[in-house]
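See structure below.
The values are calculated or read from the model by the stated rules, or taken from the named source; none is laboratory data. The shown structure was predicted, so the numbers you read here are calculated from the model rather than taken from an experiment. Cβ atoms come from the backbone with ideal geometry, glycine included; neighbour counts cover every protein chain shown. Please note that ligands, DNA and RNA were not included when accessible areas were found on the heavy atoms of the full protein model with its side chains. Shrake-Rupley method; radii C 1.70, N 1.55, O 1.52, S 1.80 Å.
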Amino acid sequence: MPRTPEENDRIRQASKEKIRAAAMELFMKQGYYATSISDIAKQAGISKGLLYNYYKGKEELLSEMVEARIKEVVEVMEEAFTLNTPREQLEHIINGAIDNIHQKPEVHRFYLHLQTQPESDEELIKYSHLIIEENARQFEFQCKIFESMGETDPRKRSLYFSSVLQGIMLMISTYQQGFPIEEIKNQIIREFCN
């Protein structure tokens, strides 16, 4: 019996995820420029031809990876927006960010590295800008949350909140062993949500 269009789509998405995971691992280990399409295909356990069936090249693969990451972040923010109180919104952002980093610390390190590319790197800088632009949108959303909480300077409070949260995310992604995740989440929630 032939596969349904849904089955084909599921197989296609699973294959693309496998390719993205292989690319992420190699980009982290070897760097973007030192990683070839052949390396990615081998790491993913597929032929180079099949990889090209899904992606025209390494840059298209990176583009999809960045888009997927931005979509993950946007989903957390959109879910937060649907919650009733600013406290619930901030808690959702905190839990979403910290849980995501705890589950996939290497992903955070990769995108952090991508954000810090030199302006002269014409191939990678456009992806750096996409991530930075999304971070700016998140910041503005957080400013609105702090404004609705009655903060006298919501931008400053949001900047402080973002700095603390980003610092925690960096620490989790760098020093994973023995990091007191739940204690830190509770502490940041107490500081910013009460």
task = With r as the distance between the Cβ atoms of SER15 and GLU182 and R0 = 35 Å, compute the FRET efficiency 1/(1 + (r/R0)^6) and round to 0.05.
result = 0.45
task = Mind scanning LYS48/LYS185; LYS42/LYS126; LYS58/LYS104; LYS144/LYS185; LYS29/LYS156; LYS29/LYS56 and naming the pairs with a C-alpha gap bigger than 32 Å?
result = LYS48/LYS185; LYS29/LYS156
inquiry  = Give me the percent of accessible area attributable to carbon and sulfur for the range 1-113, probe 1.4 angstrom.
reply    = 52
key: Calculated from backbone phi, Karplus (6.51, -1.76, 1.60) coupling profile of the range 128-135 in Hz, x at Gly/Pro   = 4, 5, 4, 5, 5, 4, 5, 4
ask   = Could you give the accessible area per residue of the range 108-194, probe 1.4 Å, as a whole number in Å²?
value = 59
ask   = Taking the alpha-carbon centroid of each part, what is the distance from the range 1-35 to the range 68-108 in angstrom?
value = 24
message = Please compute the length gained on full extension between GLN166 and THR116, using 0.36 nm multiplied by the number of residues separating them and subtracting their Cα-Cα distance.
response = 16.6 nm
key: Per residue accessible area in Å² of the range 15-93, where ligands, DNA and RNA are left out and the probe is 1.4 Å   = 52
key: Stokes-Einstein D for the chain, Kirkwood Rh over Cα pairs, 25 °C, 0.890 mPa s (µm²/s)   = 132
query = Per-residue HN-Hα couplings for the range 6-13, Karplus 6.51 cos²θ - 1.76 cosθ + 1.60 at θ = phi - 60°, whole Hz, x for Gly and Pro?
reply = 5, 5, 4, 5, 4, 5, 4, 5
remark   = Out of ALA22, ALA34, ALA136, a Gaussian network model of the chain with alpha-carbon springs under 10 Å gives the largest mean-square fluctuation to ALA34
